[in-house]
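Here is the structure we will look at.
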Amino acid sequence: MCALVLVVEDEPQIADVLEAYLKQEGHRVERAADGKTALTLYRAAKPDLLLLDLMLPELGGMEVLKVVRADGATPVILVTARAEETDQVLGLEFGADDYVVKPFRPREVMARVKAVLRRSAAPREDQAAQVYRVGALEIDTGAVMARLHGHPLALTPAEFRLLACLGATPGRAFSRAELLAAALPDSDALERVVDAHLASARRKLELSGGPGMLQTVRGVGYRLAADG
Ligand code: CA
């Protein structure tokens with residue numbers, strides 16, 4: 001529900017198309033037009049998935065893939081030109097999860113994205129009943145219940161959805177706009193509504209023995225950390 005996709009593509013028109021389709025599917029998007037920026041954004045934003053072009057300025061896509069793979073299991077879908085067939089094979093050997101060939105149909109890319117995200121989520125919990133644990137906090141999206149030190153927190157539905165979004169990627173800073181789009185997608189709420197809900201959620205966390213967990217990140221938004 002809250003996937004963040006890093007689109008690494010030096011052709012703006014292609015990046016625009018991918019971004020538009022990804023957002024239509026409810027994903028959030030970060031963009032990099034070269035390999036160096038891609039690695040910086042990868043480390044800062046901790047995306048759930050990379051859509052990675054191979055022919056890039058500064059640092060090639062294959063180099064980016066090697067670094068990402070050495071670092072962890074973040075899924076990577078390569079986006080390659082037809083002429084780079086050996087690169088496709090090499091890319092899979094270096095640990096890419098899938099690849100699409102240019103020119104691609106955006107619908108096909110979205111299907112691959114969906115499949116790779118589903119696969120990468122599978123080893124965790126059943127999608128219908130995801131449980132996020134952040135320190136002493138347990139967020140059970142199946143039961144729509146959050147517990148701190150084993151005691152249920154009396155959260156409103158909006159507070160719960162916001163915490164679930166933050167808890168899906170502990171330590172990552174989310175902007176108010178991201179949180180609004182992910183947790184309250186059908187509302188016309190303003191970004192300060194996020195502040196209000198999270199101020200209330202923070203009071204409840206602090207009263208239940210979780211001070212410092214819900215952190216304000218200056219100039220960005222919020223993050224949920226295991227300890228203050
Ligand atoms: Ca390119």
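Details
- Legend: calculated FRET efficiency, residue 215 to residue 120, from the Cβ-Cβ distance at R0 = 30 Å, rounded to 0.05, equals 0.70.
- Convex hull per residue volume in Å³, alpha carbons only, for the chain: 126
- In this label model, residue 207 and residue 175 are separated by 3.3 nm, measuring between points 7 Å along each Cα→Cβ vector.
- Helix 61-71 axis, angle to the chain major axis (alpha carbon atoms, nearest 10°): 40
- Of all accessible heavy-atom area on the chain, the percent that carbon and sulfur account for (1.4 Å): 53
- Total lysine pairs whose alpha carbons fall under 18 Å of each other in the chain (8 or more apart, or interchain): 5
- Fully extending the segment from residue 144 to residue 20, taken as 0.36 nm per residue of separation minus the present Cα-Cα distance, adds 41.6 nm.
- Longest site-free stretch - the chain; sites: trypsin sites (Lys or Arg not before Pro), DSSP loop, at most 14 other Cβ within 10 Å: 1-123
- Counted by Cβ distance under 12 Å from residue 107, the other residues give a net charge of +1, where Lys and Arg count +1 and Asp and Glu count -1.
- Taking segment 1-87 and dividing mean pair separation by its residue count, relative contact order in percent (alpha carbons under 8 Å, at least six apart): 30
- For segment 17-82, the Kirkwood radius over C-alpha pairs fed into Stokes-Einstein at 20 °C and 1.002 mPa s yields D = 176 µm² per second.
- An ellipsoid equivalent to segment 38-119, defined through the eigenvalues of its Cα gyration tensor, has semi-axes of 18, 16, 12 Å when rounded to whole angstrom and sorted largest first.
- Estimated FRET transfer efficiency (residue 70, residue 90; beta-carbon r; R0 25 Å; 0.05): 0.95
The values are calculated or read from the model by the stated rules, or taken from the named source; none is laboratory data. Note that the coordinates shown come from a computational prediction; the quantities given were computed from them, not determined experimentally. In this analysis, Cβ positions are derived from the backbone assuming ideal geometry, glycine residues included, and neighbour counts consider all displayed protein chains. These accessible areas exclude ligands, DNA and RNA; they are computed on the full protein's heavy atoms, side chains included. Shrake-Rupley method; radii C 1.70, N 1.55, O 1.52, S 1.80 Å.
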